[in-house]
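All remarks here apply to the structure that follows.
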Amino acid sequence: MTITRTAGRAGRSKAVQFDGTMTCVATAPETTSSSMLVQTEQALAVIDECLAEAGTDKSKVLNATVYLADMSRWNEMQEAWTAWVDPDNCPTRAIAGVELLPGFLVEIVISATV
């Protein structure tokens, strides 16, 4: 079986496909916004791109892990998430408060079928 990798930042892949599934990691492409809502929307747009490149879409997302730099801003992330997620095919989701690189407020990892 072939593993297909999409280049990401130095030292990591943006997406990996194997055996009918794919995993994608996304942050806001630019950290110029201090808005959790905006950075989450931007990260989800990157995920949409990953899914499209793999020939799938958000209705096929199996699970997501969302890392937040500030858990007190969960509502901002949740607003962007609920506007984005397919309401008929919601994945499992876990959220963790973590220390991210300066300027980054959210990082999202998803797995989906392809």
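What to note about this one:
- Fraction in percent of alpha-carbon pairs per bin - 5 Å, region 4-113: 2, 13, 24, 26, 19, 12, 3, 0
- Of the GluC sites (Glu not before Pro) in region 40-114, the ones in a loop by DSSP (not H, G, I, E or B) with at most 15 other beta carbons within 10 Å are Glu99.
- Amide H within-cut-off set for Arg93, under 5 Å, with H built and near neighbours excluded: Ala64
- Its DSSP H runs of at least 4 residues, each contributing -39,500 (n - 2.57), put the calculated 222 nm mean residue ellipticity of the chain at -8500 deg cm²/dmol, to the nearest 500.
- Relative contact order computed over region 1-81 (Cα-Cα under 8 Å; 6+ residues apart), in percent: 22 percent
- By DSSP, the beta bridges lying fully in region 56-114 are antiparallel in about 55 percent of cases.
- Counting 0.36 nm for each residue step from Glu49 to Arg9 and taking away their Cα separation leaves a gain of 12.8 nm.
- Taking a Cβ cut-off of under 11 Å around Val98, the surrounding Lys, Arg, Asp and Glu residues balance to a net charge of -3, with basic ones at +1 and acidic ones at -1.
- Applying a 4.7 Å cutoff between beta carbons, the unpaired cysteines of the chain are Cys90.
- Counting charges near Thr113 (Lys, Arg +1; Asp, Glu -1) among other residues having Cβ under 11 Å from its Cβ returns a value of -1.
- The simple spin-label model puts a point 7 Å past each Cα toward its Cβ; for Ala83 and Glu99 those points are separated by 3.2 nm.
- Counted charge near Gly8, where neighbours are those whose Cβ lies closer than 15 Å (Asp, Glu -1; Lys, Arg +1): +1
Taken together, the values in this text are just the output of simple stated rules run on the coordinates, not laboratory data. Model, not experiment: these values are computed from the prediction. Here the Cβ is made from the backbone with ideal geometry for all residues, glycine too, and neighbour counts use every protein chain on show.
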